[in-house]
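Below is one structure, written out as structure tokens, with a few remarks after it.
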Amino acid sequence: FQVLGSSGKLYTCYSSCHFCTCPAFGFSVLQKSESLLCKHILAVYLSQAMGACQELAVSEEQLTNILLAEEEDEG
């Protein structure tokens, strides 16, 4: 899932393995073990429960471009 953060940045959340690309997830969940999830994963779970997810089919090439664009933003 892609979730639009409050700063306007898109974060990718993998609900199947409970992971988000946001800095808060890396710090609060992975490093400090202070939280079980970040607000972006919570948003995914809530939107799924409410049936409010917007599904978009993408090709493998489009998915690759999405994931590579995130790497460029981080680096």
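The values are calculated or read from the model by the stated rules, or taken from the named source; none is laboratory data. Note that this is a predicted model, so its numbers are computed, not measured. Note that we place each Cβ from the backbone using ideal geometry, even for glycine, and neighbour counts take in every protein chain shown. To get the accessible areas, we keep the full protein, side chains included, count just its heavy atoms, and leave off ligands, DNA and RNA. Shrake-Rupley method; radii C 1.70, N 1.55, O 1.52, S 1.80 Å.
Looking only at region 9-23, count how many residues are open to solvent by 50 Å² or more (accessible area, probe 1.4 Å) and not charged (D, E, K, R).
Number satisfying all stated conditions: 7.
Could you list, in sequence order, all residues of region 32-58 that are at pLDDT 90 or above and open to solvent by less than 70 Å² (accessible area, probe 1.4 Å)?
Ser35, Leu37, Cys38, His40, Ile41, Ala43, Val44, Ser47, Gly51, Ala52
State all residues of region 59-69 that are over 15 Å from Gln2 (Cβ atoms) and either touching a residue at least 12 places away in the same chain (Cβ under 8 Å) or open to solvent by less than 80 Å² (accessible area, probe 1.4 Å) (or both); if no residue qualifies, say none.
Selection gives Ser59 alone.
Residue under question is Leu56, and the condition is that it be among the hydrophobic types (A, V, I, L, M, F, W, C), over 15 Å from Phe1 (Cα atoms) and not in a helix (DSSP H, G or I); does it hold?
Taking the combined requirement at face value, the residue does not satisfy it.
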